[in-house]
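Read the structure below first, then the notes.
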Amino acid sequence: MSIFRLAKAAALAALLSVGALPALADPITITVEDAFGDAVTTTFDVQVVGVFAERSELLVKTPNRDQYALYLPEVINDPELTVKNRVLEVSYVLGVVTDIEVFPGGDPGFTVADNVTWADQGNLPDDFIKRLVTATAKIERVDMANGTVTFIAPDGETRTAKVQDPKILKELKVRPGDLADITFYEAINLDAKA
């Protein structure tokens, strides 16, 4: 599997536009089961290239030398994880897609909602960071029969996720190759390698 394929322009835009979403009117409370279902954990290694504490970002490099920013305010002050050139094992779980909107133009972005409360820990280990994100991504495929969408995320990874509400796919006005703002749940964990 090729990890983190993404056009350099999109990667740079993602690096420059990471942040937290403004609070929504209503808080969201969700269970891990509803957000992640039977999703599987993917693991891969990255190397810390830089730390941008003021933006809560780790700049990391993959084995194929692609670089991208991880917005992780939860770990930005952890001395075990933020040492330059440290190799980290990333564990990643992609949850369900809750919304897909046609990209309105402007700069592609990656934002994290600050209004989500987790009703339980579910089957994820305690050290996983669970969050709801909205990312500008390139649509690769929409599979109406299976209720999934495949997209290239800002970190360059091609991901296929279940769409929570089939009505979203039926009303979707995008084609493969189009940019869209996709809202989805994800869980991530970082471990320093010796």
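The values are calculated or read from the model by the stated rules, or taken from the named source; none is laboratory data. Values in this document were obtained by computation on a predicted structure and should not be read as measured data. Counting neighbours? That spans all protein chains shown, and the Cβs are built from the backbone with ideal geometry, glycine included.
Kindly provide the set of residues from segment 50-92 that are among the β-branched types (V, I, T), assigned to a loop (DSSP other than H, G, I, E, B) and modelled with pLDDT of 90 or more, ordered by number.
If the condition is that a residue be among the β-branched types (V, I, T), assigned to a loop (DSSP other than H, G, I, E, B) and modelled with pLDDT of 90 or more, then V75, I76, T82, V83 are the ones that fit.
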* To do: Looking only at segment 82-94, decide whether some residue is within 21 Å of P176 (Cα to Cα) and in contact (Cβ under 8 Å) with a residue 40 or more places away in the chain.
  => yes
* Test L169 against the stated conditions and say whether it is more than 23 Å from N64 (Cβ to Cβ) and either out of contact with any Gly (no Cβ under 6 Å at 6 or more places or on another chain) or of a type in the set (A, V, I, L, M) (or both). => yes
* Selection from segment 75-97 of residues that are of a type in the set (S, T, N, Q) and surrounded by fewer than 19 Cβ atoms within 10 Å (Cβ to Cβ) -> N77, N85, S91
* Boolean, N115 is among the polar types (S, T, N, Q) and surrounded by 13 or more Cβ atoms within 10 Å (Cβ to Cβ) -> yes
* Structure fact -> Restricting segment 134-172 to residues that are of a type in the set (D, E, K, R) and crowded, with 17+ Cβ neighbours inside 10 Å, the one modelled with the lowest pLDDT turns out to be D155
